[in-house]
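These notes are about the structure you will find just below.
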Amino acid sequence: MEAQAFRDEGPKLPKDVVVLGVSKDSVDAQKKFAEKNRLTFRLLADEDGAVIRLYGVDLAFGFAKRKSFLVDSKGKIAKTYETVAPARHAAEVVRDLEAVS
């Protein structure tokens, strides 16, 4: 699972890197998911989809398509991951951080 992979890759990330997960799930659902998976990063509940739409993520049947963004220290999107392989994505982001840093 992608969230667990980001949890496991967390120690490899520079200390100033922030990982955030965003979905349309409720705050309670996010909290339960984070606790169940022992996540070490924040999950943000975007129940009305406002943030999801701002980032141009497609919705299908009310669910956001899986998509990731690498944002640099100036707040600019350095890379967009249009397709994500959940098991490998965290390691890919760790590698890509070197190019952005």
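The values are calculated or read from the model by the stated rules, or taken from the named source; none is laboratory data. Since we're looking at a predicted model, the values are computed, not measured. All Cβ positions, even for glycine, are placed from backbone atoms using ideal geometry, and neighbour counts span all protein chains on display.
A few notes on this one:
- Residues of the range 50-101 that turn out to be touching a Pro at 6+ places or on another chain (Cβ under 8 Å) and not hydrophobic (A, V, I, L, M, F, W, C), as a count: 2
- Qualifying residue in the range 14-36 (condition: over 15 Å from the mean Cα position of the chain (by Cα), modelled with pLDDT under 90 and among the acidic types (Asp, Glu)): yes
- Of all residues in the range 17-52 being acidic (Asp, Glu) and surrounded by fewer than 17 Cβ atoms within 10 Å (Cβ to Cβ), the one that is farthest from Phe6 (Cα to Cα): Asp48
- Taking the criterion of being in a helix (DSSP H, G or I) and among the β-branched types (Val, Ile, Thr), the residues of the range 18-55 that qualify are Val27, Val51, Ile52.
- Any chance Leu70 is hydrophobic (A, V, I, L, M, F, W, C), more than 13 Å from the chain's Cα centre (by Cα) and at pLDDT 85 or above: no
- Among the residues of the range 58-101, those that are out of contact with any strand residue (DSSP E or B) (no Cβ under 6 Å at 6 or more places or on another chain), of a type outside the set (Val, Ile, Thr), part of a loop (DSSP other than H, G, I, E, B) and farther than 17 Å from Lys12 by Cβ comprise Asp58, Phe61, Gly62, Lys65, Arg66, Lys67, Ser73, Lys74, Gly75, Lys76, Glu82, Ala85.
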